[in-house]
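Here's the structure we're looking at; comments come further down.
The values are calculated or read from the model by the stated rules, or taken from the named source; none is laboratory data. Quantities reported herein were computed from a predicted structural model and do not represent experimental measurements. Ideal geometry is used to build each Cβ from the backbone, glycine not excepted, and the neighbour counts take in all protein chains shown.
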Amino acid sequence: MAAVAGTSIHEHRLGRGWPVRELARRAGVSPALVQHIEAGGTASLEAYARVMTALDLRPELDGVDPRARTQSSRPDQDFVHAAMGELEAGRLRAHGFRVAIDEPYQHYQFAGRADVVAWDVERRALLHIENRTRFPNLQEAAGSFNAKRSYLADELAERWRLPRGWARVDHVIVALWSAEVLHAVRIRTETFRAMCPDDAASFQRWWSGTPRERGISSSFVLCDPSPQVRERYRFATLDDALRIKPRYRDYAEAAARLRE
């Protein structure tokens, strides 16, 4: 909950155009405490209440078991998440690749769904895309992505009866180009580098229709899914994320603009 609260406070502060010192002054706390809270650190309930009240937010304690949340919170019910998948599937299918959305997999105790997979049987090439609109729990996101990196390709090769398996496998996290995602990347940069140690060149090759012949990669890109964006400006790399400006303030703004 601390990470979620910190992200919310950070994005609302940015939305008001306040520096950390201004929020700290209005809340009657130190700038160091505001930075600690925004980075996902824990603080007293009084501190959270002071900071949120200064932002005209209503403090609430969410004690819901995440395993019991309703279907409406699932990614496949997520408007922006769905728009990203639609964009990717359309582009990859236009290049002649076979594409599957929300593809299930299971490897002993590990089970889940791959947001988008594209493959070319002749090249024996597989692309796995994990779309992320936010990172409320980065540890959970890392566990899910790493499990798919380890088991998804072999499971799909067996299911689709490819006796020689894949010669080329590329995994990529495609994240919404928003201020809240940039905040998560900047405060947990080394975690993202560990999950996605490779550059985005292999993903760009898939996007242009010419995947590399052999090898494995795991990469990260930011994405602006708006249909008005020119293709050359649609993606940014993990290194770019450390210095560029957001395209959207938060998820809500992205959803509103895409609905337009």
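Across region 12-51, which residue is surrounded by the most Cβ atoms within 10 Å (Cβ to Cβ) among those that are of a type in the set (K, R) and under 23 Å from R188 (Cα atoms)?
In the first step, residues of region 12-51 are kept if they are of a type in the set (K, R); the result is 13, 16, 21, 25-26, 50.
Checking the rest, the ones that are also under 23 Å from R188 (Cα atoms) come to 13, 21.
On the way: R13: 19, R21: 11.
If we take residues in region 12-51 being of a type in the set (K, R) and under 23 Å from R188 (Cα atoms), then R13 is surrounded by the most Cβ atoms within 10 Å (Cβ to Cβ).
Just to verify a result, which residue in region 195-205, among those that are touching a Lys or Arg at 6+ places or on another chain (Cβ under 9 Å) and not charged (D, E, K, R), is nearest to V116 (Cα to Cα)? Walk me through how you get there before you give the answer.
At the first step, the residues of region 195-205 found to be touching a Lys or Arg at 6+ places or on another chain (Cβ under 9 Å) are 195, 201-202, 205.
Next, from what is left, pick out any that are not charged (D, E, K, R): 195, 201-202.
On the way: M195: 18, A201: 18, S202: 16 Å.
Of everything passing the filter in region 195-205, S202 is nearest to V116 (Cα to Cα).
Looking at L33, L87, L23, which is the one that is under 30 Å from G112 (Cα atoms), in a helix (DSSP H, G or I) and modelled with pLDDT of 75 or more?
On the way: L33 fails: under 30 Å from G112 (Cα atoms); L23 fails: under 30 Å from G112 (Cα atoms).
Exactly one residue qualifies, and that residue is L87.
Looking at region 175-187 only, could you name the residues that are surrounded by 17 or more Cβ atoms within 10 Å (Cβ to Cβ) and not hydroxyl-bearing (S, T, Y)?
Taking region 175-187 as the starting set, the residues that turn out to be surrounded by 17 or more Cβ atoms within 10 Å (Cβ to Cβ) are 175-185, 187.
If the condition is that a residue be surrounded by 17 or more Cβ atoms within 10 Å (Cβ to Cβ) and not hydroxyl-bearing (S, T, Y), then A175, L176, W177, A179, E180, V181, L182, H183, A184, V185, I187 are the ones that fit.
So, in region 157-171, how many residues would count as being crowded, with 17+ Cβ neighbours inside 10 Å and assigned to a helix (DSSP H, G or I)?
Count: 1.
Every residue, every condition in (1) in contact with a helix residue (DSSP H, G or I) (Cβ under 7 Å, 6 or more places away or on another chain); (2) at pLDDT below 95; (3) surrounded by 15 or more Cβ atoms within 10 Å (Cβ to Cβ), yes or no:
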{"position": "T189", "(1), (2), (3)": "no, no, no"}
{"position": "F192", "(1), (2), (3)": "yes, no, yes"}
{"position": "D198", "(1), (2), (3)": "no, no, yes"}
{"position": "F203", "(1), (2), (3)": "no, no, yes"}
{"position": "Q228", "(1), (2), (3)": "no, yes, no"}
{"position": "R234", "(1), (2), (3)": "no, no, yes"}
{"position": "I244", "(1), (2), (3)": "no, no, no"}
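This table checks each residue for (1) under 28 Å from R186 (Cβ atoms); (2) at pLDDT 95 or above; (3) aromatic (F, W, Y); (4) surrounded by 12 or more Cβ atoms within 10 Å (Cβ to Cβ).
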| position | (1), (2), (3), (4) |
| --- | --- |
| Y108 | no, no, yes, no |
| K148 | yes, no, no, yes |
| Y151 | no, no, yes, yes |
| E155 | no, no, no, yes |
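Only one of (1) over 19 Å from H95 (Cα atoms); (2) surrounded by fewer than 23 Cβ atoms within 10 Å (Cβ to Cβ); (3) touching a helix residue (DSSP H, G or I) at 6+ places or on another chain (Cβ under 7 Å) fails for R212. Which number is that?
R212 satisfies all of (1) over 19 Å from H95 (Cα atoms); (2) surrounded by fewer than 23 Cβ atoms within 10 Å (Cβ to Cβ); (3) touching a helix residue (DSSP H, G or I) at 6+ places or on another chain (Cβ under 7 Å) except (1).
Taking the conditions exactly as written (touching a helix residue (DSSP H, G or I) at 6+ places or on another chain (Cβ under 9 Å) and crowded, with 18+ Cβ neighbours inside 10 Å), does A100 satisfy them or not? Talk me through it step by step, then tell me what you get.
Values: touching a helix residue (DSSP H, G or I) at 6+ places or on another chain (Cβ under 9 Å): yes; crowded, with 18+ Cβ neighbours inside 10 Å: no.
Spelling it out, it is not the case that A100 is touching a helix residue (DSSP H, G or I) at 6+ places or on another chain (Cβ under 9 Å) and crowded, with 18+ Cβ neighbours inside 10 Å.
Looking at region 115-146, which of its residues are small (G, A, S) and buried (at least 21 other Cβ atoms within 10 Å of the Cβ)? Step through it out loud before you land on a result.
Going through region 115-146, the residues small (G, A, S) turn out to be 118, 125, 141-144.
Hits for region 115-146 are A118, A125.
Within the set of pairs 6 or more residues apart or between chains, which connect a residue that is farther than 12 Å from V169 by Cβ and not assigned by TED's automatic domain parsing to the domain that holds F203 inside region 99-128 to a residue that is surrounded by fewer than 23 Cβ atoms within 10 Å (Cβ to Cβ) and among the charged types (D, E, K, R) with Cβ atoms less than 6 Å apart?
Between residues of region 99-128 that are farther than 12 Å from V169 by Cβ and not assigned by TED's automatic domain parsing to the domain that holds F203 and residues that are surrounded by fewer than 23 Cβ atoms within 10 Å (Cβ to Cβ) and among the charged types (D, E, K, R), there is no close pair.
Taking region 240-249 on its own, how many of its residues are free of Cβ contacts under 8 Å to residues at least 24 places away in the same chain and assigned to a helix (DSSP H, G or I)? Before you say what the answer is, go through the steps one by one.
Step one: filter region 240-249 for residues free of Cβ contacts under 8 Å to residues at least 24 places away in the same chain, giving 240, 243, 245.
Still in the running and assigned to a helix (DSSP H, G or I): 240.
Counting residues in region 240-249 that are free of Cβ contacts under 8 Å to residues at least 24 places away in the same chain and assigned to a helix (DSSP H, G or I) gives 1.
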